[in-house]
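In what follows, a single structure is set out as structure tokens and then discussed.
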Amino acid sequence: MQLVLLLQTVRLGLKSLALHRLRSSLTVLGIVFGVGSVIVMLAIGEGARHEAIQQIQQLGATNIILRSVRPTTARDAGESVGAVRYGLTSRDIRHIGATLPSVVNSVASREHRRSLRRLGYQVEGRLVGVTPAHQELNRLRLASGRFISVLDVERVSSVAVLGYEAASALFPLERPLGKTIRVGEDRYFTVIGVTLPATPAAGVGSSMPAQDYNRDVYIPFSTDQRRFGEIISFDRSGGQLPEIVEISQINLAVDEMRNVKQTAQHVRDILNEYHTSEDTAMTVPLELLERVERTQRVYTLVLSAIASISLLVGGIGIMNIMLATVTERTREIGIRRALGATRNHIVNQFLVETIVLSLSGGLIGLTAGVVTALMLQEVFDVPTIIRWWAPVLAMTISFLVGVVFGAYPARRAAYMDPIEALRHD
């Protein structure tokens, strides 16, 4: 019986809305724009969050990254001695390894800018002295050949792995494997591998500048020290003093995620003890990850709040139209009450109409929002991700808008005096 009454109420509500198609369509526009905005804003927010988290996770949630940083006072100090010495050293690795049992591995690398040449081709690249663990740590994938091996490091081999862009610039017409490149003026290396294209990593934190791995040239760490020595000079002009940097970066692997923050604090204490000048910097990806997630939650909430204003405006529009409808249908309400309709029947009839309006606008807005989010990603290359809960949230809000903003007009209609309603012209 209740189901039959509900179906009759829905039918009456739909019939009433169909009689005023233009007014009903204009009423739902606010809901359409509101729901569409919520979907698009949430998709953009989630896309930005996903990209930021991916970049940080590539650094490793259980890693601690240390970098050598040229101190602000280095130029004044270097002018008297002819070179600037700063940054991380092998002594730091020994002290950290001996003091902190939670550090299970440490990977050192050194980098400096160099001119790379092959026959008539030349490109500016970054020469990076590495150990075999560098490939897994930075998630480098090879297009051909192999990466630096333990044997290469032990033998101080003159071999190199080229980044994708460096290989394309130096070998536009031939395969680079087995060929020789010249680094600087008189140092030659045999190419043993080429990496796949890598997306440039945006800088995260003051200690992690933006990096483009595609022009890197990787050589054994021991070879870098033997062939180029401690003093790093520059092939390009720029008036910079020579720099003495033993290690550019150290990646520390911590045994468990729960030990990362405590280990990072101990590492800071060790560095502060052996480095009086500010010539080192630390990045803890786990802390960055937590910070990004907190910031993104606030960002998403703000975007959603802004988009929800459209829903609020749409809800006010629905209430306004329904109040006008109640006035127009006063006589109809009186007749229904005289024929035995209860107040609940009247309330349900008007609530059904407002809910149908809001849900119709919600479905149209949901479709428009999803299409817009996909277009932003495909056409304008804006990262967007639509989580399963976003459409559910949008439709839930649409339903609540219909209930909340339809409750007062429905109650006003239900509590009319039947006699006065019948007298209404």
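The values are calculated or read from the model by the stated rules, or taken from the named source; none is laboratory data. In this text, all values refer to a predicted model and were calculated from it rather than measured experimentally. A quick note on method: Cβ atoms are made from the backbone with ideal geometry, for glycine too, and the neighbour counts reach across all protein chains shown. Surface areas here come from the heavy atoms of the whole protein model, side chains and all, with no ligands, DNA or RNA. Shrake-Rupley method; radii C 1.70, N 1.55, O 1.52, S 1.80 Å.
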Candidate set: segment 382-394, residues that are assigned to a helix (DSSP H, G or I) and modelled with pLDDT of 85 or more; chosen: the one most open to solvent (accessible area, probe 1.4 Å): V392
Residue satisfying all of: in segment 124-133; open to solvent by less than 20 Å² (accessible area, probe 1.4 Å) and not small (G, A, S); farthest from Y188 (Cα to Cα) among these: V130
Of all residues in segment 199-220 being within 18 Å of Q135 (Cα to Cα) and open to solvent by 30 Å² or more (accessible area, probe 1.4 Å), the one that is modelled with the highest pLDDT: R215
Qualifying residue in segment 306-313 (condition: closer than 30 Å to G369 by Cβ, under 24 Å from the mean Cα position of the chain (by Cα), surrounded by fewer than 20 Cβ atoms within 10 Å (Cβ to Cβ) and without any contact (Cβ under 8 Å) to a residue 12 or more places away in the chain): no
Test: L252 is in a strand (DSSP E or B) and crowded, with 18+ Cβ neighbours inside 10 Å: yes
Extreme residue, modelled with the lowest pLDDT, among residues of segment 182-198 that are out of contact with any helix residue (DSSP H, G or I) (no Cβ under 6 Å at 6 or more places or on another chain), farther than 21 Å from N138 by Cβ and not small (G, A, S): E185
Looking only at segment 159-190, and only at residues there that are hydrophobic (A, V, I, L, M, F, W, C) and assigned to a loop (DSSP other than H, G, I, E, B), the one that is nearest to T223 (Cα to Cα): L177
Tally, over segment 147-158, of residues that are within 21 Å of S106 (Cα to Cα) and assigned to a loop (DSSP other than H, G, I, E, B): 4
Residues satisfying the stated conditions in segment 165-183, i.e. surrounded by fewer than 18 Cβ atoms within 10 Å (Cβ to Cβ) and under 38 Å from the mean Cα position of the chain (by Cα): S168, P172, L173, E174, R175, L177
Exclusive hit being aliphatic (A, V, I, L, M), in contact (Cβ under 8 Å) with a residue 12 or more places away in the chain, open to solvent by 20 Å² or more (accessible area, probe 1.4 Å) and on the phi < 0 side of the Ramachandran plot, set V298, V284, V267, V292: V292
